[in-house]
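Notes follow the structure.
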Ligand code: BTN
C-alpha cells in the first residue's frame, strides 16, 4: 500500500469538509484504480478513520482517530505559517529541548514540535511537567518575531489568550487565566505555558513557546501529587476531545494574536487577557523567591507585569511569582 497516497487521500477527505467525493473522482485525482481507492479506504478504516460510503455519492470522512498524525493536523490548519513546518515525535524527553535544537538549526518561524509522550517534560521554575502518553497536547512553537527582547514576556500572555479561545471554540468550556500563564477550569489547572528565549546581541533569535494541555486524562492518569489541583478537558466536559482540532485551533489563534501584538501592541490583547483573568480584582498571595506579598491584584501593565496593592496602600509590580488565591 502506498503510504503517501493514503495520507493524501485523508487530506483530500478532510478538505471536503463532510461532503462526499466519488470513488471515480478520487481514482482520477490520484491516478489509481477505483479498487485501489477502496483498498486505501479499508486501510484507513483499520487505522481508526470513520469513512461513510454513500450510495451514488461517494466517500465522506466522519471521524478521525485520536492520534496526532501531522498530515491530518496540517489538513485542518487555517494558518499561514504556524504548523506549516511540523515535527512529530512519538516520544521525547521534552518538546522544548527538541525545539531549541531546531531553532539553532535555523528552523523557520512557526515551526511546531509535537509529541505523544514526554519523559522529562519541564514546567516553570524548573518544575517537572507530567505528560501522560496519548492523552494531552505537548507541543512547542518556534516564533521569530522582529521585536526587542523586552517585548518577549507578553507572548506568554498572548499564548494564554490563544489557548483559552481554542478551548472555548472546540469544547464550549469557559476557562480562566491565572497570572501569568496557568489556564484553569473550575479552579484547577488544565494548561501550562512555558516561554523560553534564544537571543544574542542582535536581539531575539527565537521564542520557544511550550504548551502543555491536559485533554483526555482521567483523575487516575495524573500523578497523585497533582490529582487535587489538575484537571483535563474531558474531566470537565464529560466528553472525549479531538486533539487534532484543538492543535489546529490553538495554532490559528496564536498566529492571529501574535501578529496582532506585533503590529498593534499589547492594548487589545491586554483587555482580552483581563477579561479571562481569575486573578484581577481578587485578593491574592504572591510567593516570590525572596518574599511573599499579600494584597489586591489590580491589573497588569502594558508589559504584562502584575500590579499588586498591599494593605499599606503601596503598589508593587510582580514580574515572576506563584499566585495563590
Ligand atoms: C508550567 O509550569 O505551567 C508550564 C508547563 C509547560 C509544559 C509544556 S508541555 C510542552 C513543552 N515541553 C515541555 O517540556 N514543557 C512544555
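FYI, it's all coordinate maths here, none of it is from the lab. Not measured: the values here are computed from a predicted model. Glycine also receives a Cβ, built like all others from the backbone with ideal geometry; neighbour counts cover every protein chain displayed.
Tabulated data for the structure shown
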quantity: Rounded to 10°, Cα long-axis angle of helix 267-276 versus longest principal axis of the chain; calculated: 90
quantity: Most fluctuating residue given options 161, 147, 113, as computed from a GNM of the chain linking Cα atoms under 10 Å; calculated: 147
quantity: Rounded to 5, the percent of DSSP beta bridges in the chain classed as antiparallel; calculated: 90
quantity: Cα long-axis angle, helix 154-171 against the chain (0 to 90 degrees, to the nearest 10); calculated: 50
quantity: CD proxy at 222 nm, helix term only [per DSSP H run n ≥ 4: -39500 (n - 2.57); per residue of the chain; nearest 500]; calculated: -10000 deg cm²/dmol
quantity: Proportion of all alpha-carbon pairs of the chain beyond 29 Å (%); calculated: 42
quantity: Peptides ranked, highest mean first, by Cβ atoms within 10 Å: ranges 270-277, 195-202, 216-223; calculated: 270-277, 216-223, 195-202
quantity: Rounded to 10°, Cα long-axis angle of helix 34-46 versus longest principal axis of the chain; calculated: 40
quantity: The stretch 3-63: relative contact order as a whole-number percent, Cα under 8 Å and 6+ apart; calculated: 38
quantity: Computed over the stretch 283-324: relative contact order in percent, which uses C-alpha pairs under 8 Å that are six or more apart; calculated: 38
quantity: Virtual paramagnetic centre 7 Å along Cα→Cβ of residue 50, amide N under 20 Å, in the stretch 18-38; calculated: 18-21
quantity: Alpha carbon centroid spacing (whole Å) that separates the stretch 68-147 from the stretch 152-176; calculated: 17
quantity: Coordinate range along principal axes, alpha carbons of the stretch 5-129, Å, largest first; calculated: 59, 26, 21
quantity: Taking the C-alpha atoms of the stretch 22-90, convex hull volume expressed per residue in Å³; calculated: 124
quantity: Longest to shortest principal axis, alpha-carbon extents of the stretch 262-325, angstrom; calculated: 37, 21, 20
